[in-house]
2 protein chains.
Amino acid sequence: MEAQAAASTPRGKRTRDAIVDAAAELMYVDGVAGTSLDKVLAASGAGKSQMYHYFKNKNQLVEAVIDRYLEQILGNQPAIFELTSWADFETWTEQLLDVHRRAGGPIACPLGNLAGEVGDHPQLAPLVDQAYRAWESHLVRGLETLREKGELAPDADPARLAQAAMTSVQGGLLLAHLRHDLTALEDALRIALTHLRGHAVS
Amino acid sequence: MEAQAAASTPRGKRTRDAIVDAAAELMYVDGVAGTSLDKVLAASGAGKSQMYHYFKNKNQLVEAVIDRYLEQILGNQPAIFELTSWADFETWTEQLLDVHRRAGGPIACPLGNLAGEVGDHPQLAPLVDQAYRAWESHLVRGLETLREKGELAPDADPARLAQAAMTSVQGGLLLAHLRHDLTALEDALRIALTHLRGHAVS
DNA sequence: CATTCGTTGTACTGATCGGTACAGTGAAGC
DNA sequence: GCTTCACTGTACCGATCAGTACAACGAATG
């Protein structure tokens with residue numbers, strides 16, 4: 001997808017992963033522009049030749065980091081893959097909150113951080129959008145399932161409802177992170193769920 | 001507040017403003033780390049000696065930019081200063097949407113962009129938080145007014161409701177900007193208003 | 001006219017940036 | 001054992017970064 005060289009040996013794959021991991025962590029804290037390749041390479045233990053062996057340039061590394069973020073995010077909310085009842089949606093929001101409770105405090109969404117900084121970047125912004133859509137698509141699928149089961153109103157729009165849920169997640173995370181207080185996310189998720197269930201049948 | 005030298009003459013004030021304006025615009029597009037002082041100075045027509053005459057360093061310039069953002073944001077939604085009825089809240093959300101309709105497309109919240117990038121920056125993050133609280137405080141005051149007038153339930157918590165409204169604004173703006181589609185913000189604001197009015201009396 | 005002080009222009013520094021050049025190493029296939 | 005090719009280490013490049021030094025300007029005040 002984004003690779004310059006595809007890391008055809010286990011050793012190469014380990015090196016590539018170490019670079020992406022270090023970049024993901026640093027860019028999460030310092031942003032893309034605030035993270036230099038030298039820092040990434042120093043943190044990963046790799047050299048510059050490795051970096052440019054696996055990635056054409058810094059942008060392509062960022063693309064890999066975006067993918068990594070999406071994997072991490074979805075990995076933290078496994079319930080999103082099995083949304084077949086309204087209770088599953090409750091479970092999903094609980095998992096979302098638990099991530100931050102376990103972390104000892106509200107943490108930011110790495111994709112949200114990127115979304116602000118990347119803004120209208122011609123190459124990167126569409127990829128962030130894509131990642132969000134991939135995330136959101138699981139909510140859409142869940143809502144479609146509920147509609148098929150007759151638990152969601154036939155005239156409800158899963159895509160639009162899912163988008164509304166995502167805005168709550170993102171807004172809640174932004175405020176919660178800024179204030180070091182999960183309340184903002186808790187309330188946002190509760191309101192989002194209430195809004196979704198407002199379209200429930202029975 | 002943040003100034004190194006306070007620009008005591010009209011000429012000095014013009015120069016200082018030009019620097020902050022240029023920095024605000026560039027940082028809105030390219031982020032803080034992505035905006036060099038050289039670019040700011042070139043765009044503002046000022047020289048480096050002016051920059052360091054009015055600001056101790058780049059961080060202090062960013063602090064002035066944050067203040068500028070708050071002024072711009074509040075200036076675009078004057079209804080927020082006079083929230084004395086539920087209709088005023090409707091007007092406020094309409095003004096919020098009109099800004100982006102007039103701009104020809106959904107634009108990002110400059111504070112939201114900053115919030116992602118400065119993350120946990122020891123000096124900057126608290127200032128972004130402060131700016132958000134200043135913004136939110138007008139919503140709190142409006143809700144308190146409604147409660148005093150008996151139009152909001154006595155047991156409703158204005159601070160918490162205002163925070164919920166802000167999460168909708170921020171989440172809606174983030175998604176709307178990313179997707180170049182105002183729908184996300186429209187829906188988010190409608191849901192937020194519905195939630196607020198759920199605590200209305202009569 | 002002289003002093004003063006806010007203001008300005010320009011030239012510079014050392015560090016760091018993204019990116020390149022190129023020689024070398026390691027393990028697997030023949 | 002030899003070739004091959006993925007992989008690695010290091011030194012380097014021009015550009016740009018934030019920040020500094022310092023001399024000079026300009027408009028008031030005396």
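The values are calculated or read from the model by the stated rules, or taken from the named source; none is laboratory data. Computed from a prediction, not measured in an experiment: that's the story for all the values here. FYI the Cβ positions are ideal-geometry reconstructions off the backbone, even for glycines, and counts take in every protein chain you see.
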For the range B:177-184, indicate whether the set of residues that are within 23 Å of A:ARG197 (Cα to Cα), surrounded by fewer than 24 Cβ atoms within 10 Å (Cβ to Cβ) and either facing another protein chain (nearest Cβ under 10 Å) or among the aromatic types (Phe, Trp, Tyr) (or both) is non-empty. yes
Kindly indicate the residue of the range A:149-176 that is of a type in the set (Gly, Ala, Ser) and in a helix (DSSP H, G or I) and also nearest to the other protein chains (Cβ to nearest Cβ) among those meeting that condition. A:GLY171
Kindly establish whether B:GLU63 is among the acidic types (Asp, Glu), touching a residue at least 12 places away in the same chain (Cβ under 8 Å), within 16 Å of DNA strand D (Cβ to nearest atom) and farther than 21 Å from A:LEU173 by Cα. yes
For the subset of the range A:128-164 comprising residues that are free of Cβ contacts under 8 Å to residues at least 60 places away in the same chain and basic (Lys, Arg), which member is surrounded by the most Cβ atoms within 10 Å (Cβ to Cβ)? A:ARG147
Take B:GLN77 and decide whether it is more than 10 Å from DNA strand C (Cβ to nearest atom), closer than 21 Å to B:GLY142 by Cα and of a type in the set (S, T, N, Q). yes
Residues that are out of contact with any Phe, Trp or Tyr (no Cβ under 6 Å at 6 or more places or on another chain), at pLDDT 95 or above and more than 8 Å from chain B (Cβ to nearest Cβ): does the range A:111-120 have at least one? no
Taking the range A:124-148 and keeping residues at the interface with chain B (Cβ under 10 Å from one of its Cβ atoms) and of a type in the set (Asp, Glu) leaves A:ASP129, A:GLU136
Is the range B:51-71 home to any residue that is modelled with pLDDT of 95 or more, within 10 Å of DNA strand C (Cβ to nearest atom) and of a type in the set (A, V, I, L, M)? yes
Of B:GLY31, B:GLY47, B:GLY12, which residue is within 12 Å of DNA strand D (Cβ to nearest atom), under 30 Å from B:GLU94 (Cα atoms) and touching a helix residue (DSSP H, G or I) at 6+ places or on another chain (Cβ under 9 Å)? B:GLY31
Please determine, by comparing only the residues of the range A:88-107 that are of a type in the set (A, V, I, L, M) and at pLDDT 95 or above, which one is surrounded by the most Cβ atoms within 10 Å (Cβ to Cβ). A:LEU96
Matching entry among B:ALA192, B:ALA125 (being among the aliphatic types (A, V, I, L, M) and surrounded by fewer than 22 Cβ atoms within 10 Å (Cβ to Cβ)): B:ALA125
Being at pLDDT below 95, of a type in the set (A, V, I, L, M, F, W, C) and in contact with a Ser or Thr (Cβ under 9 Å, 6 or more places away or on another chain) narrows it down to one residue among B:ALA7, B:ALA33; which is it? B:ALA7
If B:ASP187 satisfies every condition in (1) part of a helix (DSSP H, G or I); (2) in contact with a Lys or Arg (Cβ under 8 Å, 6 or more places away or on another chain); (3) more than 23 Å from A:ALA192 (Cα to Cα) but one, which is the exception? (3)
Checking B:GLU25 against (1) within 17 Å of the chain's Cα centre (by Cα); (2) away from DNA strand D (no atom under 16 Å from the Cβ), the condition it does not meet: (2)
